[in-house]
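K.L.:
Quick one: structure below, then a few questions.
The values are calculated or read from the model by the stated rules, or taken from the named source; none is laboratory data. Quick caveat, the model's predicted, so the values are computed rather than measured. So basically every Cβ, Gly included, is an ideal-geometry build from the backbone, and we count neighbours across all protein chains shown. In case anyone asks, the SASA skips ligands and DNA or RNA and just uses the protein heavy atoms, side chains included. Shrake-Rupley method; radii C 1.70, N 1.55, O 1.52, S 1.80 Å.
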Amino acid sequence: MTVLRRLLLVNGPNLNLLGIREPDIYGSETLQDVEALVTRTAAAHGFEVDAVQSNHEGVLIDAIHAARETCAGIVINPGGLTHTSVVLRDALSGVALPVAEVHISDVMAREEFRHFSYVKDVAIVHVIGEGVPGYAVATNRLISLITGTATD
Ligand code: CA2
């Protein structure tokens, strides 16, 4: 079976503010930097990336549904929807693609309401609290699992 060599990168609500607000928590890199990093990381393995960021849950869900036909996996930072959205979780489990969940900050060291993730058990890769470089870590791990070259 041919593996599609394309990933969907999803960034949820407010992540368009990366690098503009709250640099003490999220650093100084922008959403464009994140998308370029994931694109570069994936390209090193011959994968292309479709990137979506939206402040609207339905837009994210439509993009996840569309990925079912076009992508081999999804790298997602759901933002605050991580802690609230059964709908987003259902979309991810519904498309049955391998998912990597990324959080820039260490959510377990922050407020208690950030400790629970609806996405956690539909994702096979979790990278939490490694800053923006964590997106590259997640991308590499996800591609390794997709291509069957995982070493850990
Ligand atoms: O640490 C992460 O990546 C989060 O997913 C970011 C979410 C937060 O709700 C999660 O608990 C953890 C917030 C995204 C908002 O991003 C901003 C970036 C810059 C300025 C303001 C918000």
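K.L.:
Determine the per residue accessible area of segment 1-101 with all protein chains present and a 1.4 angstrom probe, expressed in square angstrom.
P.N.:
49 Å²
K.L.:
Using the crude model of +1 on Lys and Arg Cβ and -1 on Asp and Glu Cβ, and no other charge, please compute the dipole size for the chain relative to its Cα centre, in debye to 20.
P.N.:
So the magnitude is around 320 debye.
K.L.:
Amide H of A51: which non-local residues (sequence gap of 5 or more, or other chain) have their own amide H closer than 5 Å, using H built in the peptide plane?
P.N.:
Placed amide hydrogens put L9 under 5 Å from A51.
K.L.:
For segment 80-92, take each phi angle, set θ = phi - 60°, evaluate the Karplus expression 6.51 cos²θ - 1.76 cosθ + 1.60, and give the result in whole Hz per residue in order, putting x for glycine and proline.
P.N.:
Once θ is set to phi - 60°, the couplings for segment 80-92 become x, 5, 3, 9, 10, 10, 5, 4, 5, 4, 4, 4, 5 Hz.
K.L.:
Hey, what angle do you get for helix 57-70 against the long axis of the chain, alpha-carbon based, 0 to 90 degrees rounded to 10?
P.N.:
20 degrees
K.L.:
Sort 113-123, 79-89 for me by packing, meaning the mean count of neighbouring Cβ atoms within 10 Å per residue, highest on top.
P.N.:
Highest mean packing first, the order is 79-89, 113-123.
K.L.:
With a 10 Å radius around each residue's Cβ, average the other Cβ atoms per peptide and rank 104-110, 41-47, 70-76, highest first.
P.N.:
Peptide ranking by packing, descending: 70-76, 41-47, 104-110.
K.L.:
So for each of 27-40, 125-138 I average, over its residues, the number of other beta carbons within 10 Å; can you give me the resulting order with the highest mean first?
P.N.:
Going by the mean number of other Cβ atoms within 10 Å, highest first, we get 125-138, 27-40.
K.L.:
Follow-up. Residues in segment 35-57 near a label at T147, defined as backbone nitrogen under 15 Å from the 7 Å Cα→Cβ point?
P.N.:
Residues passing the 15 Å test: 39-49.
K.L.:
Any idea which of V125, T82, S93 is furthest toward the positive side of the dipole for segment 82-152, if Lys and Arg beta-carbons carry +1 and Asp and Glu beta-carbons -1?
P.N.:
S93
K.L.:
To the nearest 10 degrees, how steep is helix 31-43 against the longest Cα principal axis of the chain, on a 0 to 90 scale?
P.N.:
With rounding to tens, the tilt is 20 degrees.
K.L.:
While we're on this one: Can you compute 3J(HN,Hα) from phi for each residue in segment 8-19, using the Karplus curve 6.51 cos²θ - 1.76 cosθ + 1.60 with θ = phi - 60°, rounded to whole Hz and x for Gly and Pro?
P.N.:
Taking θ as phi minus 60°, the curve returns 9, 9, 10, 10, x, x, 6, 6, 5, 8, 3, x Hz for segment 8-19.
K.L.:
May I ask for the Kirkwood hydrodynamic radius of the chain, worked out over all distinct Cα pairs and given in angstroms to one decimal?
P.N.:
15.2 Å
K.L.:
Would you work out what percent of the accessible area of segment 6-147, with all protein chains in place, is carbon or sulfur (probe 1.4 Å)?
P.N.:
Looking at segment 6-147 in its full context, I get 51 percent from C and S.
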